[in-house]
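*Asks:* Supplied in structure tokens, the structure appears directly below.
Since every read-out is calculated from the coordinates, none of them should be taken as a lab result. Remember, it's a predicted structure, so these values are computed and weren't measured experimentally. Neighbour counts run over all protein chains shown; Cβ positions are idealised from the backbone, glycine included.
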Amino acid sequence: MDGPRRLSDHLRPPRRTAADRERELLELGFVREPPTRWLDPGLLVRSGIQSVVSAAFGRFADRRETQAALDQPTFDAYAERDELWLDFVADTGDGWPATMTMAWLLGRPQLEVDGDVLPRGELLLVGGDLVYPAAAREAYEHRFVGPFAGGLPQTMPPGEHLFAIPGNHDWYDGLVAFSRRFCQQQWIGGRQTWQRRSYAALKLPHGWWAWMLDIQLDELVDDAQLDWFRARARELGPGDRVILVTGKPSWLKPTARVPFPPAWENLAYVERIVHDAGAEVGLVLTGDLHHYARYVGDGPPRITAGGGGAYLSPTHTLPDEVALPPKRGEPGAAYRRAAAYPDARTSRRLSFGVLKLAALSPGLAAVIAGIYALLAATMLTALGDDRTDVVTGAVSGTGIVLALLLVGALIAQLDAPAPWRQLIGTAHAAIHLALAGFVVYAIAVLADTTGAVTWLLALPAAAAVGFALGTTVLAAVLLLTSLPTGEWAKETANQVFAAQGLETHKNFLRLHIDRDGALQVHALGVDAPCRDWTGPHEDPASARFRPVEGAQPTVRRIDDIAAI
């Protein structure tokens with residue numbers, strides 16, 4: 001019988017205990033994970049450590065050197081087709097609602113968009129960052145394999161294929177879990193992985209190719225990989241066209257301060273390999289930034305489509321124009337932004353949601369509450385008989401040290417040029433110090449208390465003010481410094497959006513190589529994910545999980561792209 005069994009019909013993840021997770025694992029084979037809380041203090045510490053360790057591991061024990069010993073020819077199973085549909089998605093594997101929504105849509109036999117019928121791609125290309133917050137065997141099973149196998153549990157023989165490249169989050173364990181899951185030709189539902197390395201080359205119909213690059217954590221294309229692509233270049237023919245899939249929007253990296261960043265140098269070098277073979281780069285795709293943006297200009301279209309399930313990234317800080325530096329004697333290239341989803345106005349409006357930071361990140365708010373309580377304790381310790389002299393506590397030795405640490409921390413976390421960085425960071429710290437001081441003053445003077453009673457009242461009061469008001473002050477400073485369109489607002493704007501963990505404005509690409517050899521790119525957006533699901537269903541020919549009747553996500557075209 002086709003229908004839900006044992007679990008609740010409505011799969012909207014509530015707050016769950018360890019026992020609930022264990023039961024869910026037994027029933028489903030995976031756990032429906034909630035979205036990542038990116039400003040959780042514990043996660044920030046772990047991510048920082050993982051980033052440092054993975055950078056060192058990648059430098060001294062690059063797993064791609066081991067992969068280079070494995071044979072991997074060009075994948076050409078679809079090369080002789082008259083036409084081919086393929087899908088591209090990136091930055092998947094975060095919270096259940098968004099990830100399952102995208103997996104379900106990518107598994108549908110076809111989608112009807114603005115009167116057009118778009119068949120499911122027989123190839124699924126995944127452009128990096130398959131899980132969040134970091135790679136691990138369990139993370140891939142819970143956050144990627146479970147939803148995607150549930151969205152397409154079975155296909156007709158010989159089946160369909162999935163190719164993936166790692167992003168920086170996939171590299172956090174040195175590429176161990178990624179290699180085991182995606183480089184051993186296993187099945188994920190109705191799709192088989194084929195590659196044996198973390199990069200691949202696919203020969204497609206009518207002289208089209210897809211080259212998928214592994215740029216490690218940010219910018220490195222190893223020598224073995226470059227040698228492998230040079231060998232693939234010898235298979236290219238005159239007039240062939242290559243879709244380059246990379247892990248970062250390297251075309252946004254060059255700036256006035258850093259005109260030739262390594263990320264752009266590496267991508268430009270691979271593009272030269274294609275050009276030297278007599279072929280051309282027809283399209284460049286990436287994820288990493290969790291929005292949709294298309295740049296056009298003196299070269300191939302460059303598209304960021306990182307809306308596979310992770311938190312939404314801002315678009316209002318994207319540059320309108322990009323000047324790319326020259327490549328080996330060639331003139332530089334000018335690009336302009338042709339489309340973005342969401343648009344800049346919507347992006348700015350969504351920024352204001354960070355003012356609910358205390359509710360969004362209670363762990364961070366608790367840390368701020370502790371800082372306020374510590375500042376209050378310092379002031380109370382130095383408070384003499386004159387209870388009105390709160391300043392004495394603030395300018396005591398311990399108080400000065402704490403104040404300087406606070407100023408330094410708030411200056412360090414702000415991505416702004418001097419002297420604005422120092423001015424804003426100092427003013428920000430002064431507001432927190434003033435709020436903590438006001439609490440002590442209010443308790444000691446206005447409430448007219450003395451001794452232990454003052455401590456018993458002031459410390460929890462300071463903590464409460466820090467939790468609610470202090471966290472809101474932090475959010476307001478982040479918001480104000482994220483709204484400008486200048487270069488220095490980018491990182492702060494990303495913090496503003498990461499803090500909110502917005503699951504809206506997802507996107508993916510459906511590509512069609514038609515019978516005439518033209519490449520049609522359909523950019524598809526989903527304004528909101530589905531949160532209510534039924535399942536698991538028994539019928540292997542359809543999705544294990546389905547949206548509740550009337551709650552199906554709506555797909556719409558978010559960009560008009562001419563055939564390539």
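*Asks:* Looking at the chain, what % of its DSSP beta bridges pair antiparallel, to the nearest 5?
*Replies:* If I count the DSSP bridges inside the chain, around 60 percent turn out antiparallel.
*Asks:* Just to verify a number: FRET efficiency for Ala442 and Thr381, C-beta to C-beta distance, R0 = 22 Å, to 0.05?
*Replies:* That gives a FRET efficiency of 0.80.
*Asks:* Let me ask you something else. For the range 300-309, take each phi angle, set θ = phi - 60°, evaluate the Karplus expression 6.51 cos²θ - 1.76 cosθ + 1.60, and give the result in whole Hz per residue in order, putting x for glycine and proline.
*Replies:* Once θ is set to phi - 60°, the couplings for the range 300-309 become x, x, 10, 10, 9, 9, x, x, x, x Hz.
*Asks:* If you don't mind, there's one more thing I want to ask. Less than 10 Å Cβ to Cβ from Ile303, Lys/Arg counted +1 and Asp/Glu -1: what total charge do the surrounding residues give?
*Replies:* Every neighbour counted, the sum reads +1.
*Asks:* From the backbone phi of the range 516-530, what are the Karplus-calculated ³J(HN,Hα) couplings (6.51 cos²θ - 1.76 cosθ + 1.60, θ = phi - 60°) in whole Hz, Gly and Pro given as x?
*Replies:* 8, x, 7, 9, 9, 10, 9, 8, 10, x, 10, 5, 8, x, 7
*Asks:* Kirkwood Rh, Cα Rg: Rg to Rh for the range 320-361?
*Replies:* 1.32
*Asks:* Helix 490-500 against the longest principal axis of the chain: what's the angle in degrees, Cα atoms only, rounded to the nearest 10?
*Replies:* Roughly 80 degrees, rounded to the nearest 10.
*Asks:* Report the Cα centroid-to-centroid distance between the range 30-45 and the range 86-120 in angstrom, as an integer.
*Replies:* Cα centroid to Cα centroid, the span is 24 Å.
*Asks:* Please enumerate, by chain and number, the lysines with C-alpha under 25 Å from the C-alpha of Lys356, excluding those fewer than 8 residues away in the same chain.
*Replies:* Lys490, Lys506
*Asks:* Give me the log10 of I(q) over I(0) for the chain at q = 0.12 Å⁻¹, as the Debye formula computes it from C-alpha points; what are the numbers?
*Replies:* The computed values of log10 I(q)/I(0) come out as -1.17.
*Asks:* Ordered by residue, what ³J(HN,Hα) values in Hz, to whole numbers, does the range 123-137 give under the Karplus form 6.51 cos²θ - 1.76 cosθ + 1.60, where θ = phi - 60° and Gly and Pro are x?
*Replies:* 10, 10, 9, 10, x, x, 6, 7, 9, 9, x, 8, 5, 6, 4
*Asks:* For the range 437-564, what is the Kirkwood hydrodynamic radius in Å, using each pair of distinct C-alpha atoms?
*Replies:* 20.7 Å is the Kirkwood radius here.
*Asks:* Using +1 at the Cβ of each Lys and Arg and -1 at the Cβ of each Asp and Glu in the chain, identify which of Ser542, Leu28, Leu285 lies farthest towards the dipole's positive end.
*Replies:* Leu28
*Asks:* Kindly provide the helix-only [θ] at 222 nm of the chain, computed as the sum of -39,500 (n - 2.57) over DSSP H runs of four or more divided by all residues, to the nearest 500 deg cm²/dmol?
*Replies:* -11000 deg cm²/dmol
*Asks:* Still on this structure, please answer the following. Suppose the chain between Arg180 and Thr426 were pulled fully straight at 0.36 nm per residue; how much longer would it get relative to their current alpha carbon spacing?
*Replies:* My answer for the length gained is 83.8 nm.
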